[in-house]
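Remarks on the structure that follows.
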Amino acid sequence: MKLNIKDTFNTELPADPILENSRRQVRGACFSLVTPRRTSNPKLLHVSNDMLQKIGLTEKDVKNNSFLKVFTGNEVLPNTKPYAMCYGGHQFGNWAGQLGDGRAINLCEVEHNSEHWALQLKGAGETPYSRTADGLAVLRSSIREYLCSEAMFHLGVPTTRALSLALTGDQVLRDVMYDGNPAYEKGAVVCRTSPSFIRFGNFEILAARNEISTLKKLTDYTIEHFFTHLGKPSKEVYLQFFKEVADSSLKMVIEWQRVGFVHGVMNTDNMSILGLTIDYGPYGWLEGYDPDWTPNTTDRQFKRYRFDNQPDIVLWNLYQLANALYPLIEETETLDLILTDYRSSFTKDYQNMMRSKLGLFKSKNDDSILIKELEDILQLSETDMTIFFRNLGNYEVGKPDEGIKVISDAFYKLSDVNESIRKKWDDWFLRYDNRLKLGVEVTQIERKEKMDSINPKYVLRNYMAQMAIDNADKGNYSLIEEIYTLLKKPYSEQPKYKKWFAKRPEWARHKVGCSMLSCSS
Ligand code: AMP
Ligand code: MG
């Protein structure tokens, strides 16, 4: 196995001088060197062939025993120094102090075809940042991260990715419902990949500890490697850097709203500095369109991380990052301006995104009312978001009376759509039809094609991941492969997989893992 290793994070930034792998506060450092834990009986379950190519490996490499060993933590590649990052974070709105890679171990960085990838094992054992937990991950959450991060990539949503999914052969104790009934589950390791795994929290912990020279080193490093076009670090450049982080985070959350993804734990330690979706935990996908929905059982009471609050939470998190970078900038006005700008950009970009979902192209019309009305009607009876938008592409201009028929597959219970709701749909379709007529430059076929490239036919519905998990628990991994392959082309018709273009089955409505997700992973 030949990887073109190009380590930068652990060669250019300050390391924790203590080598002992004990849980502690790590000061004046960006990371601690650690060795992944040996696993008792590792077994590869899946490899992303796409990601494999990206890092310059082939199927032949996968067959080599070294691949399994390296990507389950049983062998360290020569000339590499695995490490865990030090970061802090605001969890559910409160400063939580040092968090860090408690169960993620970065193996190395690789360069291939001018792309740079950090390779990281999740679930590879304890680090100085493990706090009270075991540093391990279970099969259930590993399948969810593996499938979802790859699916998000193919949906066109900025995200970290995954290279491999493996069983460790070890048992892991988890109390899924936090009800005092812990049980053993199969342990697993995912190798995830990203140009960088740096989070808002990496900057926050250094600012909180007043370790300003290290904060400057980390910021300069980030700019030099990942924002190279900004040039040599200076106050001006720090501001531009912050502006770019705000822009890319905004772009990311708009994409979440487009596909109906709810992250579930948008703490600042789970915010990538590159605007990538990171840390797939108790996330979920909107089935019935419900802006108030949060998949995370821990978030049930205040619903801080509910679907339609996500853009505001990104902004809240950006405020925390601004505070962390402040010591390097010492000027609030421009920072404030960037944050204020986020709000107006969001309104504009969100409308543009929704217009594209509705097939309203090439017009400067203000469509905010039409969009708001739709969002309201979608909530009157349980209506599947994915099916609704996908089928809307079949709407024919000039036939508003038939609008409701075109989208009726999206209704969970037809009997819930009473006369008054029906009337609201008819009225809305009339307005939609009038609006479509303003965009006459686009033909019916062109509009459908464009809408189909924006409104996915297939997403990782919560119950699909759960079915893959239930099967895998019994030793059957074929559904992992089927879902992985299906979600490589989420916008294509793929008739042979059409059973997945369906509403959530009733059995999944209140099932743990489908509608209720635990942070215990
Ligand atoms: P999360 O919000 O789930 O991304 O995790 C918050 C913090 O808890 C991070 O610092 C994680 O590394 C840490 N953490 C989560 N699960 C474990 C675990 N099983 N062992 C050690 N640390 C963990
Ligand atoms: Mg995390």
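So here's what we get for this one:
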read-out	value
Interchain or long-range residues, amide H under 5 Å from LEU163's placed H	CYS191, ARG192, THR193
Cβ-defined net charge surrounding TYR87, 10 Å radius [Lys, Arg +1; Asp, Glu -1]	-2
For a label point 7 Å along the Cα-to-beta-carbon line of ARG509, residues of segment 392-422 with backbone N under 19 Å	409-418
Computed [θ] at 222 nm, helices only, for the chain once each DSSP H run of length n ≥ 4 contributes -39500 (n - 2.57)	-12500 deg cm²/dmol
Fully extended contour minus Cα-Cα distance, from SER213 to PHE302, at 0.36 nm per residue	28.3 nm
On Cα atoms only, tilt of 235-259 relative to the major axis of the chain in degrees	50
Separation of the ARG422 and ASN323 label points, Cα + 7 Å toward Cβ, nm	5.4
Pairs from LYS303/LYS413; LYS251/LYS448; LYS6/LYS60; LYS2/LYS69 whose Cα-Cα separation, in the structure shown, is over 18 Å	LYS303/LYS413; LYS251/LYS448; LYS6/LYS60
Whole-Hz couplings from phi, Karplus 6.51/-1.76/1.60, listed for segment 370-376; x for Gly and Pro	4, 5, 4, 4, 4, 4, 5
Segment 224-234 - phi-based ³J(HN,Hα) in whole Hz, Karplus 6.51/-1.76/1.60, Gly and Pro as x	4, 9, 10, 9, 3, 4, 6, x, 5, x, 7
Rel. contact order, % - alpha carbon contacts under 8 angstrom, at least six apart, segment 267-376	15
Sparsely packed GluC sites (Glu not before Pro) within segment 323-398, loop by DSSP, other Cβ within 10 Å at most 10	GLU330
Separation of the GLU373 and ASN65 label points, Cα + 7 Å toward Cβ, nm	6.9
Per-residue ³J(HN,Hα) for segment 388-401, Karplus 6.51 cos²θ - 1.76 cosθ + 1.60, θ = phi - 60°, Hz, x for Gly and Pro	4, 5, 5, 6, 4, x, 8, 5, 9, 4, x, 10, x, 5
Using alpha carbons only: equivalent-ellipsoid semi-axes of segment 25-106, gyration tensor based, whole Å	31, 15, 13
Relative contact order computed over segment 340-423 (Cα-Cα under 8 Å; 6+ residues apart), in percent	28
For the chain, share of DSSP beta bridges that run antiparallel, in % to the nearest 5	90
Full-stretch length increase - SER492, ASN471 - with 0.36 nm per residue and alpha-carbon distance subtracted	5.0 nm
Proximal charge balance of SER415 [Cβ under 14 Å; K/R count +1, D/E count -1]	-1
Interchain or long-range residues, amide H under 5 Å from ARG199's placed H	ILE273
Cα-based helix-to-principal-axis angle, 310-329 vs the chain, degrees rounded to 10	40
Residue-count net charge about VAL172 - beta-carbon cut-off 12 Å; Lys, Arg +1, Asp, Glu -1	+1
Viscosity 1.306 mPa s, temperature 10 °C, Stokes-Einstein D of the chain from Kirkwood C-alpha radius, µm²/s	66
Segment 421-488: GluC sites (Glu not before Pro) falling in loop per DSSP and having at most 14 other Cβ within 10 Å	GLU441
For ALA188, distant residues with modelled amide H under 5 Å away	ALA137, VAL138, LEU139, THR168
Cα gyration tensor of segment 358-521 - equivalent ellipsoid semi-axes, whole Å, descending	33, 20, 13
Rel. contact order, % - alpha carbon contacts under 8 angstrom, at least six apart, segment 369-521	25
Among 119-125, 163-169, the order from most to least packed when residues are scored by Cβ within 10 Å on average	119-125, 163-169
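FYI, it's all coordinate maths here, none of it is from the lab. Treat the numbers as computed from the prediction; the structure is a model and nothing was measured. We place every Cβ from the backbone using ideal geometry, glycine too, and count neighbours over all the protein chains shown.
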